[in-house]
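The values are calculated or read from the model by the stated rules, or taken from the named source; none is laboratory data. Everything quoted here is computed from the prediction, not taken from an experiment. Cβ coordinates were reconstructed from backbone atoms using ideal geometry, including for glycine residues, and neighbour counts include every protein chain displayed. SASA here: full protein model, heavy atoms, side chains in, ligands and nucleic acids out. Shrake-Rupley method; radii C 1.70, N 1.55, O 1.52, S 1.80 Å.
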Amino acid sequence: MKKNHPIKKIALLTGGGDCPGLNSVIRAVVQSCILEHGIQVVGIPDGFKGLLENKFIPLDLLNTTGILSKGGTILGSSNVDTPFRVPVTKEGKKIYEDRSDEVVQHLKQERVDTMIVVGGDGTQSIAHGMSQKGIKVVGIPKTIDNDLNGTEFTIGFYTAVTTAVEALDKLHTTAESHHRIMVVEVMGRNAGWIALFAGLGGDADVILLPEISFDLNKVGAYLNDLYHSRKKYSIVVVAEGAKPIGGDVVVSKIIEDSPEKIRLGGIGHRVAEQLEKITGRESRAIVLGHLLRGGAPEGFDRILASRFGVAAVQAVVEGKFDTMVAYRNDNVELVPLETGAGKNRFISPESPFLQTARHRGICLGDSI
């Protein structure tokens with residue numbers, strides 16, 4: 001064991017929405033800490049909610065054995081709790097309190113030397129805020145949306161894409177049998193990474209992205225051309241944040257106490273209804289939703305999570321705090337934590353993946 005460092009205890013937290021690969025990163029952090037550096041690890045249950053409640057769970061080689069292949073997170077998570085904005089009711093009115101000083105004391109009482117925080121842009125934003133309060137923090141990027149600034153890929157993304165592609169494969173046969181237009185809505189918030197990759201891998205005819213406002217008349221004309229020339233059915237993949245030219249996103253609900261109040265959803269059904277009117281052909285909508293978050297992580301996510309976990313522990317022992325591990329050009333590097341704090345990465349017009357879709361003749365809603 002190597003112990004040439006002052007770090008004795010690390011607290012590990014998984015925040016935001018769940019995704020495949022979180023247990024893989026937990027396993028990697030625990031193994032690296034214990035086997036290589038002799039560092040004790042405690043987990044914080046249910047994201048920052050557990051930190052607010054002063055809860056810590058000892059993590060060791062025994063209680064993390066066999067979890068690498070499991071989906072979800074054994075620690076639990078929360079995508080609404082933040083110590084900087086805690087809802088409380090006083091005199092019949094809801095107000096919000098900053099309790100970040102309180103959670104700093106919880107960490108000190110537990111004798112935690114540093115935190116490793118696994119999450120997306122919202123979670124990393126909170127982590128950066130904790131760093132500014134004097135807590136030593138290293139971030140690990142995860143989100144099925146793959147929209148975190150500073151890294152090319154995040155934990156959970158490839159498994160979500162694989163799930164979406166498998167669904168598209170099944171929809172091809174039923175769409176072909178009934179000559180239907182099948183519209184598949186996928187998650188991704190305001191970034192279209194899941195839709196683009198799933199559409200490419202699942203042989204979609206149309207991919208509608210938040211980054212490119214669409215014209216459904218052009219989409220309908222394209223699908224009619226396909227129908228009359230060579231193909232009697234069509235597959236349309238639409239990201240939940242996609243919107244028509246001059247229009248807006250479809251909002252499913254608003255959650256006031258959440259740092260991310262607006263929840264998207266419903267664009268798939270709207271697109272299907274309008275395409276049926278435009279083309280005169282039967283159109284059905286399917287929303288994959290949280291199905292994309294579930295299941296065991298596929299191989300790439302397990303390996304990426306392992307690389308991220310080991311790199312985060314290495315950053316801790318080297319004293320490189322207020323940083324986030326990131327995947328860039330097949331390498332795992334460190335970037336400033338603020339790089340991913342509340343900041344998103346969108347598909348650029350020059351993206352090679354987007355260009356691949358155009359060269360394959362896939363309609364993106366901006367041209368026939």
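So residue 245 fits all but one of (1) closer than 22 Å to residue 348 by Cα; (2) touching an Asp or Glu at 6+ places or on another chain (Cβ under 7 Å); (3) open to solvent by less than 20 Å² (accessible area, probe 1.4 Å); what number is the exception? Among (1) closer than 22 Å to residue 348 by Cα; (2) touching an Asp or Glu at 6+ places or on another chain (Cβ under 7 Å); (3) open to solvent by less than 20 Å² (accessible area, probe 1.4 Å), the lone unmet condition for residue 245 is (3). Among residues of the stretch 269-300 being in contact with a strand residue (DSSP E or B) (Cβ under 6 Å, 6 or more places away or on another chain) and closer than 30 Å to residue 23 by Cβ, the one that is least open to solvent (accessible area, probe 1.4 Å) is 288.
Let's see how each residue does on (1) in contact with a helix residue (DSSP H, G or I) (Cβ under 9 Å, 6 or more places away or on another chain); (2) modelled with pLDDT of 95 or more; (3) more than 21 Å from residue 23 (Cα to Cα); (4) among the aliphatic types (A, V, I, L, M):
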{"residue": "86", "(1), (2), (3), (4)": "yes, no, yes, yes"}
{"residue": "108", "(1), (2), (3), (4)": "no, yes, yes, no"}
{"residue": "116", "(1), (2), (3), (4)": "yes, yes, no, yes"}
{"residue": "121", "(1), (2), (3), (4)": "no, no, no, no"}
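Of all residues in the stretch 186-224, how many are in contact with a strand residue (DSSP E or B) (Cβ under 6 Å, 6 or more places away or on another chain), open to solvent by 10 Å² or more (accessible area, probe 1.4 Å) and under 13 Å from residue 241 (Cβ atoms)? The number of residues fulfilling the criteria is 1.
Given the criterion more than 22 Å from residue 124 (Cα to Cα), within 19 Å of the chain's Cα centre (by Cα) and touching a residue at least 24 places away in the same chain (Cβ under 8 Å), identify the matching residue among 309, 265, 246. Steps first, please.
On the way: 309 fails: more than 22 Å from residue 124 (Cα to Cα); 246 fails: within 19 Å of the chain's Cα centre (by Cα).
Matching residue, one of 309, 265, 246: 265.
Within the stretch 149-186, being closer than 17 Å to residue 272 by Cα and hydrophobic (A, V, I, L, M, F, W, C) holds for 168, 171, 175, 181, 182, 183, 184, 186. Within the stretch 313-368, the residues that satisfy the criterion of being among the acidic types (Asp, Glu) and more than 30 Å from residue 271 (Cα to Cα) are 318, 322, 330, 333, 338.
Among helices (runs of 4 or more DSSP H) entirely within the stretch 154-244, having at least 3 residues that are modelled with pLDDT of 95 or more and within 30 Å of residue 300 (Cβ to Cβ) singles out 157-178, 193-201.
Can you say whether residue 138 is farther than 30 Å from residue 291 by Cβ, under 21 Å from the mean Cα position of the chain (by Cα), at pLDDT 95 or above and open to solvent by less than 10 Å² (accessible area, probe 1.4 Å), as far as the supplied structure shows?
Working: farther than 30 Å from residue 291 by Cβ: yes; under 21 Å from the mean Cα position of the chain (by Cα): yes; at pLDDT 95 or above: yes; open to solvent by less than 10 Å² (accessible area, probe 1.4 Å): yes.
Yes: the conditions hold for residue 138.
Evaluating residue 153 against the criteria (1) under 14 Å from residue 353 (Cβ atoms); (2) open to solvent by 30 Å² or more (accessible area, probe 1.4 Å) leaves one unmet condition, (2). Contact annotation: residue pairs with Cβ atoms under 6 Å, 6 or more positions apart or on different chains, pairing a residue in the stretch 163-184 that is farther than 17 Å from residue 196 by Cα with a partner that is at pLDDT 95 or above and assigned to a helix (DSSP H, G or I), are 181/275. Being assigned to a loop (DSSP other than H, G, I, E, B) and either in contact (Cβ under 8 Å) with a residue 24 or more places away in the chain or within 19 Å of residue 307 (Cβ to Cβ) (or both) is a property that does not hold for residue 66. Could you say whether any residue in the stretch 121-128 is open to solvent by 50 Å² or more (accessible area, probe 1.4 Å) and more than 25 Å from the chain's Cα centre (by Cα)? No, because not a single residue in the stretch 121-128 is open to solvent by 50 Å² or more (accessible area, probe 1.4 Å) and more than 25 Å from the chain's Cα centre (by Cα).
Number of residues in the stretch 321-368 that are more than 23 Å from residue 242 (Cα to Cα), in contact (Cβ under 8 Å) with a residue 40 or more places away in the chain and part of a loop (DSSP other than H, G, I, E, B): the value is 4.
Criterion first (closer than 23 Å to residue 135 by Cα and not aliphatic (A, V, I, L, M)) does residue 93 satisfy it?
Taking the combined requirement at face value, the residue does not satisfy it.
Answer with yes or no whether residue 281 is outside any helix (DSSP H, G or I) and under 24 Å from the mean Cα position of the chain (by Cα). For residue 281, the condition - outside any helix (DSSP H, G or I) and under 24 Å from the mean Cα position of the chain (by Cα) - is not met. The single condition among (1) open to solvent by 80 Å² or more (accessible area, probe 1.4 Å); (2) basic (Lys, Arg); (3) within 21 Å of residue 119 (Cβ to Cβ); (4) not in a helix (DSSP H, G or I) that residue 263 does not satisfy is (1).
Can you tell me how many residues in the stretch 326-344 are within 18 Å of residue 304 (Cα to Cα) and surrounded by 15 or more Cβ atoms within 10 Å (Cβ to Cβ)? Steps first, answer last, please.
Just the residues of the stretch 326-344 that are within 18 Å of residue 304 (Cα to Cα), to begin with: 326-335, 340.
In the following step, the residues that additionally are surrounded by 15 or more Cβ atoms within 10 Å (Cβ to Cβ) were identified as 326-327, 332, 334-335, 340.
Residues flagged as within 18 Å of residue 304 (Cα to Cα) and surrounded by 15 or more Cβ atoms within 10 Å (Cβ to Cβ) within the stretch 326-344 amount to 6.
Does residue 170 fit the bill of being closer than 21 Å to residue 361 by Cα and surrounded by fewer than 15 Cβ atoms within 10 Å (Cβ to Cβ)? It would help to see each step written out before you state the result.
Details: closer than 21 Å to residue 361 by Cα: no; surrounded by fewer than 15 Cβ atoms within 10 Å (Cβ to Cβ): yes.
For residue 170, the condition - closer than 21 Å to residue 361 by Cα and surrounded by fewer than 15 Cβ atoms within 10 Å (Cβ to Cβ) - is not met.
Among the conditions (1) over 18 Å from residue 305 (Cα atoms); (2) of a type in the set (Asp, Glu); (3) over 25 Å from the mean Cα position of the chain (by Cα), the only one that residue 36 does not satisfy is (1).
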